[in-house]
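Some notes on the structure that comes next.
The values are calculated or read from the model by the stated rules, or taken from the named source; none is laboratory data. Keep in mind the model is a prediction, meaning the values are calculated, not measured. When we count neighbours, we look across all protein chains shown, and the Cβ atoms used for this are built from the backbone with ideal geometry, even at glycine. Note: areas computed on protein heavy atoms with side chains; ligands, DNA, RNA excluded. Shrake-Rupley method; radii C 1.70, N 1.55, O 1.52, S 1.80 Å.
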Amino acid sequence: MEQEGVRKFTLDWEHGPAPALRAIEQLTYWRDILHGHGLVGADPARYGGIGFGNLSCRTARGFLITGSQTGALPRLEAAHFCLVRAWDIPGNRLQAEGPIAPSSEALTHAACYAANPAIHWVFHIHNPELWHAAPSLGLASTDPAIAYGTPAMAEALAALAGRLPLPFLVRMGGHEDGLIAAGPTAEGTGAILLQRLTQVLA
């Protein structure tokens, strides 16, 4: 499996202002929770110390997402978020603006939003126990042959996002320890992650 945190899409990024605090309130709330559980972060013993995990929410102009390599930060501020305003999944391209470039998983988030208009929140986390337990938990999974951050991964996630009941939790088969949760509310999206984690760690 390939190194975490490497952007594989073509990015058209314009430096711009940070989003309003009210726009990221729920994102920072849930990011704090997931970071506290070690589902988002950075660990010298994992993935070469590269940060992992990212969160996003749909907006009228696209979606807000945590910035590239912000996993190691204990808390995020407005300057750590980026607006993705357009995307071309087959063309492997994103257009974004903000004080920081978007996460390397932004194309996968875009695929979820494009596939299902009811999805308003996408949380990407890493947890080896949950990832390995996914089959026994009955979680859907992408093909292990599909690498993360690629149009193929985005298309695989889009296919699942278009048919799974919301909220859902999916194992990214070709992305070591990686899982995606998505749903219409932040609470439901976060809850399905924490519920499944509790099942595994109990």
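Select from segment 48-82 those trypsin sites (Lys or Arg not before Pro) which occupy a DSSP coil region and have at most 16 other Cβ atoms within 10 Å, ordered by residue number. Within segment 48-82, the qualifying trypsin sites (Lys or Arg not before Pro) (loop, at most 16 other Cβ atoms within 10 Å) are Arg61, Arg75. Annotation for Ala114 and Gln199: the two label points, set 7 Å from Cα along the Cα-Cβ direction, are 3.0 nm apart.
Let me know the charge dipole size of segment 17-85 about its Cα centre in debye, to the nearest 20, where only the beta-carbon of Lys, Arg (+1) and Asp, Glu (-1) is charged. Intermediate values should be presented prior to the final figure.
Numbers: 7 positive and 4 negative charges, 53 e Å.
Using only the charged Cβ atoms, the result is roughly 260 debye.
Surface analysis of segment 53-154 yields an accessible area of 35 Å² per residue, using protein heavy atoms and a 1.4 Å probe. When both bridge partners sit in the chain, DSSP labels roughly 80% of those beta bridges antiparallel. Of the GluC sites (Glu not before Pro) found in segment 1-74, those that fall in a DSSP loop while having at most 15 other beta-carbon atoms within 10 Å are Glu2.
Expressed as a whole percent, the accessible area of the chain that falls on carbon and sulfur atoms is 54 (1.4 Å probe). Measuring with a 1.4 angstrom probe and ignoring ligands and nucleic acids, Glu77 comes out at about 120 Å² accessible. Residues whose amide H falls under 5 Å from that of Thr150, counting only those 5 or more places apart or on a different chain, are absent, with hydrogens built in the peptide plane. The trypsin sites (Lys or Arg not before Pro) of segment 97-202 that DSSP puts in a loop, and whose beta carbon has at most 13 other beta carbons within 10 Å, are Arg163. Inter-label distance, Ala60 to His37: 3.2 nm, where each label sits 7 Å from its Cα along the C-beta direction.
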